[in-house]
Amino acid sequence: MPNTTVVVVGAGHCGLAMSRCLADRSIDHVVLERGEVANSWRTRWWDSLRLLTPNWMTRLPGGYAYRGEDPDGYLAAREVAGLIGDYAVESAAPVLTCTTVTAVESAVESTADGYVVRTDQGTWQAHAVVVASGACATPVVPTFADQVPAGIVSVTPDAYRNPGQLPDAGVLVVGASASGVQIADELQRSGRQVTLAAGEHVRMPRTYRRRDILWWMDASGLLDETYDEVDDLIRVRNLPSMQLVGTPQRTVDLNALQAAGVRLHGRLVGIRDGVAQFSGSLPNVCALADLKLGRLLDSIDIWAMSAGLDGAGDERLAPTRVPAPAPLSIDLRSGEIGTIVWATGFRPDLSWLDVPTLDRKGRLVHDGGVTSAPGLYALGLPFLRRRKSSLIDGAAADAADLTAHLAGHLDAVAARRRTSA
Amino acid sequence: MTTTTQAPADNGVNVEALLGVRDMLPDSPEVAQFQWRSTTSWEHGTHSRSDVETFFGFGEEQQHHRKFSYDVDHPEQFAAQDKGSTPVEYVLVALGGCLTAGVAAVAQQRQIQLRSVQATLTAEMDLHGILGADPDTRNGFSGVRVTYEIDADATPEEIRALVAQSQKRSAVFDIMTNPTSVTVDVA
């Protein structure tokens, strides 16, 4: 059985960031990757997808960053894959590709501190394991999705490619996160009538006061806010993604979509006898999003003033227009809807993790990426340690923190070994 | 001249106790499982009386400090005797009570002192539905409107956020805006 000190599961930006930090401390490790480096960026998502963060924010440990000529642009998915691939090469990361982890178990023998990592290419033994296999491995759809009448195509954002793959009929997009609003926008432009079912959402202008909104969030320190500073960690870890698209100057909020012809409905809450039922809470979820955006922009204004940046606050977006009365149902048997896009979120795939550190809903229990199982860490989950933990730009700080903790764990293990020897 | 009070906000809501319950949940999620109960007895005509006394929660049988009774009837305009509110008015009572409790609790949590909170609820309904006169008209409300007048130590935006957050966490708002499975049996 090959031995290593640390096994990192997943060679996306998080796994490679961790690898780089481990290498900087000369900690022996391997990165196991089921496909190629940056596999999700190569094999999943829709053709037009671009990063939500501007290129200058693509920064990884070791001083690696976007070096192209368009720092204010947004990388296409294949360009992200290229950049992460180049990072793996430049870091000389010890990646084993086409190696699927099938189980991670606590080592039961005398070396009780370690883990056995089983893969389809053999078994590893390690003192520590870092889960970096992605927060969006598996799409989550509501349980009532199986009530969709026959003949309607169901697709999730990871499998959606372009309008051409869908029937030439109306589309119901469920969910108003970044995926939902981008796909709704693209499909409406393709000539299909799109209906968007919106629950709680995070409204965001692409630019504010003539700069990218993420520039403000980065510069003001908002993205650095840590998980022990927020008052409701459950809430912030479950926030939908920001309603953004990687296109300069373009805002894709519910007003923009409605102006393009998209019909707005409340959250999809059930399908009964072929009829889709929508919540009557649409006015409130829009009010919540408008108020929350107002508070964000207020805090940016306050920070801008304290930082001595000139100019008063920018014009604010108009309140979200809510159709009155908001429709409460659509008969899915009428032929009006040909496709349902389930942009209802994602979860990590931890089916291979055979260590008792999951909660009753199968989610990893962790304190800033440190699990209760000594030597088991996670990276890249929403608000893992910071507001930016789910962004590429968040990997560096999180990986540095976890590497420091992991090094301390290895020292403690070594000290115990010496004492017992 | 304006004066500011430094005293902590006190709306009479024990937020610490509620947050304490939430902190218990990760280790004992079963304490969150509640059952609410009511019994209804027909009196005469469209008049009935509903009682509320016990419920189940926090892992055991629970009891209100006394039995609460409610007369339910219809007004004289429906050729009834008007011995109590109509059932649909109780729905408005429930919504107003739930949202207002939420406003007080959220205000307490956010350290906002309330001085007065007044909600006015209206619900539109088309009798074609319950009379069976038009199959395209539903029995229930076609829309509900709640208007709050709130006097509090807070900005208008903060007050709007209180009311929005109260809706977000309200059981009755959820019950009214989303479908609920209802099974009616004969024992």
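The table for this structure:
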{"read-out": "Residue ID - nearest to the chain's Cα centre (by Cα), chosen from residues in the stretch B:141-158 that are over 20 Å from A:A326 (Cα atoms) and in contact (Cβ under 8 Å) with a residue 40 or more places away in the chain", "value": "B:Y148"}
{"read-out": "When residues of the stretch A:308-335 are limited to those that are charged (D, E, K, R) and more than 13 Å from A:R263 (Cα to Cα), the one most open to solvent (accessible area, probe 1.4 Å)", "value": "A:R333"}
{"read-out": "Contacts under 6 angstrom Cβ, first residue in the stretch A:337-361 being part of a strand (DSSP E or B), partner among the acidic types (D, E) and open to solvent by less than 60 Å² (accessible area, probe 1.4 Å), 6 or more apart", "value": "A:D354/A:E105"}
{"read-out": "Conditions (1) surrounded by 16 or more Cβ atoms within 10 Å (Cβ to Cβ); (2) out of contact with any Leu (no Cβ under 7 Å at 6 or more places or on another chain): number failed by A:E229", "value": "(1)"}
{"read-out": "Matching option when the condition is open to solvent by less than 40 Å² (accessible area, probe 1.4 Å), away from chain B (no Cβ under 14 Å) and closer than 30 Å to A:E79 by Cβ, among A:G368, A:G380", "value": "A:G380"}
{"read-out": "Residue that is most open to solvent (accessible area, probe 1.4 Å) [pool: residues in the stretch B:17-69 that are out of contact with any Ser or Thr (no Cβ under 8 Å at 6 or more places or on another chain) and among the aromatic types (F, W, Y)]", "value": "B:W36"}
{"read-out": "Those residues of the stretch A:310-365 which are hydrophobic (A, V, I, L, M, F, W, C) and either touching a Cys at 6+ places or on another chain (Cβ under 9 Å) or within 30 Å of A:L296 (Cβ to Cβ) (or both), in sequence order", "value": "A:A312, A:L317, A:A318, A:V322, A:A324, A:A326, A:V341, A:W342, A:A343, A:F346, A:L364, A:V365"}
{"read-out": "Residues of the stretch B:102-140 that turn out to be open to solvent by 50 Å² or more (accessible area, probe 1.4 Å), in contact (Cβ under 8 Å) with a residue 12 or more places away in the chain and of a type in the set (A, V, I, L, M, F, W, C), as a count", "value": "1"}
{"read-out": "Residue count, the stretch B:75-99 (criterion: crowded, with 20+ Cβ neighbours inside 10 Å and either at positive phi or not hydrophobic (A, V, I, L, M, F, W, C) (or both))", "value": "1"}
{"read-out": "Residues being open to solvent by 50 Å² or more (accessible area, probe 1.4 Å) and either on the phi > 0 side of the Ramachandran plot or not in a strand (DSSP E or B) (or both) - total across the stretch A:205-215", "value": "2"}
{"read-out": "Verdict on A:G191 being under 17 Å from the mean Cα position of the chain (by Cα), among the small types (G, A, S) and in a loop (DSSP other than H, G, I, E, B)", "value": "no"}
{"read-out": "Residue match in the stretch A:72-93 (condition: in contact with a Pro (Cβ under 9 Å, 6 or more places away or on another chain), within 20 Å of A:A137 (Cβ to Cβ), β-branched (V, I, T) and crowded, with 17+ Cβ neighbours inside 10 Å)", "value": "no"}
{"read-out": "Residue under evaluation A:M305, criteria (1) open to solvent by 70 Å² or more (accessible area, probe 1.4 Å); (2) in contact (Cβ under 8 Å) with a residue 24 or more places away in the chain, criterion not met", "value": "(2)"}
{"read-out": "In the stretch A:291-305, the residues that are facing another protein chain (nearest Cβ under 9 Å) and touching a strand residue (DSSP E or B) at 6+ places or on another chain (Cβ under 9 Å)", "value": "A:K292"}
{"read-out": "Check on A:V8, touching a His at 6+ places or on another chain (Cβ under 9 Å), under 30 Å from A:Y160 (Cα atoms), crowded, with 24+ Cβ neighbours inside 10 Å and in contact (Cβ under 8 Å) with a residue 40 or more places away in the chain", "value": "yes"}
{"read-out": "Single condition A:V140 does not satisfy, out of (1) loosely packed, with under 14 Cβ neighbours inside 10 Å; (2) closer than 21 Å to A:V365 by Cα; (3) without any contact (Cβ under 8 Å) to a residue 24 or more places away in the chain", "value": "(3)"}
{"read-out": "Some residue of the stretch A:253-265 being in contact with a Pro (Cβ under 7 Å, 6 or more places away or on another chain) and more than 30 Å from A:L309 (Cα to Cα)", "value": "yes"}
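The values are calculated or read from the model by the stated rules, or taken from the named source; none is laboratory data. Nothing here was measured: the structure is a model prediction, and the numbers come from that model. Positions of Cβ are backbone-derived with ideal geometry, glycine not excepted, and every protein chain shown enters the neighbour counts. Each accessible area value is taken on the protein alone, full model and side chains, heavy atoms only, with ligands, DNA and RNA left out. Shrake-Rupley method; radii C 1.70, N 1.55, O 1.52, S 1.80 Å.
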